[in-house]
Amino acid sequence: MKAAKVTNMKGSKTIRVGDHPKPSITQPNEVLVKVLAVGLDGTDREIMTGPYGEAPSGEDELIFGHEAMGVVVESGKEAGLAPGDLVSIVVRRPCHDPACVNCRNGRSDFCQSGQYTERGIKGAHGYLTEYIKDEDRFFIKLPEACHTFGMMAEPQSIVEKVWDEVQHIQQRLIWEPRSALVLGSGPLGLLAALTSRCLDLNVHVWSMSAPDSPEAKLIEKIGGVYQQSNAEGGPSSLSAYAESIGAHFDLIWECTGYSPLGFEAMDVLAPNGVLAMLGLSAGGRKSEIPADKLNMEMVLENKCVIGSVNAARKHFETGIYRLQQMESRWSGAVTSLFTKRFTLDEVPQVDFNHIGIKAVVDVVPVEQWKFGAAAGETAYSFSV
Ligand code: BGC
Ligand code: ZN
């Protein structure tokens, strides 16, 4: 079967679509899934063109892609999924360290040993291929209504985990959040903004995109406020922006991975607020920060900063419902994030500078599965 791989992972990377053995079920709890579509994100960009990512041990190439939607084509006799089920799949796989209490309890997103693998990212092949196989517990069944955006369950799970964590943390007080600030207007930032609006928070988005960009327009459509960070004549910094609107924020989502901004954001966090850092920064950036000022504010105003990565199964589940809520509140909000589509063969030509908001790879062309089964594979026909 075909697969999109980054070859020469430790040297000068190249992307190619090549052959890879098709997996088959060997255990009664396993499921074989035909991949329909895979979303690409900033992590894929870092894997394809930057220093991030790790091939499976003993190999030099990695099948990437970690935001998948597919359909079950075969299931082992003890598996809790049936052929025809539309599914999404979690990314991380637990480590084997008996002392890692989180991996031993279904929460590899809090792996303590660091020996976890991530399919398509770290030490395990991913989903940009025709078929994938895994234990049933790693798949999440999607309602048919999600068939146009099911691959967003993964990025949305990242947002849901943060909201889940914030709710736990804020049990420390009586918290009635009113405002959220989102840093960045990439797919993750937009999902954070959409989620914050679903939670009825006032939302401000601070990002480099132009005010007439599709992302800025989407923020306005959902009732948020968009501010271009580098606008000519605009606020000179995030702190200046907060001052100009006379507001600090109860919840801040750092989704740029531009690390100096994370520190700047501490300054515009409201008393008792939470700043969540979600963006990856694989570079070696250094910056000077007003350490005493930030320290003082953090202490005197009970501010909290958390880092958050990956997500658990339950976050996919809440994510699936949230995505549907977004679509029903603002029709087309989720699908409008897909500004570029590629076939599997076209993956080597993906240029992240020209994809708009988000690229999706249609591993099976939409016409072939949306309205019925592809030739010879009746199991994945579902009607719309
Ligand atoms: C993925 C996560 C993963 C993280 C770090 C993100 O793009 O969505 O599942 O844990 O990258 O590798
Ligand atoms: Zn672990």
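Odds and ends about this structure:
- In terms of its alpha-carbon gyration tensor, the range 40-107 comes out oblate; a/c meets the 1.5 threshold, while b/c is at least as large as a/b.
- Proximity of backbone amide H atoms, modeled 1.01 Å from N, is registered between Arg341 and Val360 at under 5 Å, excluding neighbours fewer than 5 places apart on the same chain.
- Three-way shape label, the range 68-200, alpha-carbon gyration tensor, a/c 1.5: oblate
- DSSP bridge pairs, the chain: antiparallel proportion in percent, nearest 5: 55 percent
- For the range 330-342, 3J(HN,Hα) per residue [Karplus equation, 6.51 cos²θ - 1.76 cosθ + 1.60, θ = phi - 60°, Hz, x = Gly/Pro]: 10, 3, x, 4, 6, 5, 5, 6, 7, 9, 8, 10, 10
- Long-range HN-HN contacts of Ile252 with modeled amide H, under 5 Å: Leu181, Val274, Leu275, Ala276
- Filter on Lys2/Lys340; Lys133/Lys314; Lys161/Lys293; Lys22/Lys122; Lys221/Lys286 - keep pairs with C-alpha separation over 27 Å: Lys161/Lys293; Lys221/Lys286
- The range 157-307 shape via C-alpha gyration tensor axes, a/c threshold 1.5: rounded
- Split the chain at each of the trypsin sites (Lys or Arg not before Pro) in a DSSP loop with at most 11 other beta carbon atoms within 10 Å, and the longest piece is 78-284.
- Unit charges at the beta carbon, dipole of the range 157-307: most positive-side option, Phe263, Val203, Leu280: Leu280
- From phi via Karplus (6.51, -1.76, 1.60), per-residue ³J(HN,Hα) for the range 80-96 in Hz, x at Gly/Pro: x, 9, 10, x, x, 5, 7, 9, 10, 9, 6, 9, 8, 10, x, 6, 10
- Loop sites in the range 18-75: GluC sites (Glu not before Pro), DSSP, at most 16 other Cβ within 10 Å: Glu59
- Placing +1 on the Cβ of every Lys and Arg and -1 on the Cβ of every Asp and Glu, with nothing else charged, gives the chain a dipole about its Cα centre of roughly 340 debye.
- The 3J(HN,Hα) values that the Karplus relation (6.51, -1.76, 1.60; θ = phi - 60°) gives for the range 353-362 are, in residue order, 6, 10, 10, x, 7, 8, 9, 10, 9, 8 Hz. Gly and Pro appear as x.
- Contour minus Cα-Cα distance for Asn29 and Ala99 (0.36 nm per residue): 22.7 nm
- Footprinting exposure proxy for Asp97, Asp134, Asp19 (fewest neighbouring C-beta atoms within 10 Å first): Asp19, Asp97, Asp134
- Ranked list, fewest to most other Cβ atoms within 10 Å of each Cβ, for Met69, Met9, Met277: Met9, Met277, Met69
- Difference of contour (0.36 nm per residue) and Cα-Cα distance, Arg172 to Ala210: 9.8 nm
- Dipole moment magnitude, nearest 20 debye, the range 157-307 about Cα centre, only Lys, Arg, Asp, Glu C-beta charged: 220 debye
- Computed [θ] at 222 nm, deg cm²/dmol, the chain (DSSP H ≥ 4; -39,500 (n - 2.57); rounded to nearest 500): -7000 deg cm²/dmol
- Inter-site label distance for Ser328 and Ser236 at 7 Å from Cα along Cβ, in nm: 4.9 nm
- Over the chain, the reciprocal of the mean inverse Cα-Cα separation, the Kirkwood hydrodynamic radius, stands at 21.7 Å.
No value in this document is a laboratory result; all are computed from the given coordinates. These numbers were taken from a predicted model, which means no experiment stands behind them. All Cβ positions, even for glycine, are placed from backbone atoms using ideal geometry, and neighbour counts span all protein chains on display.
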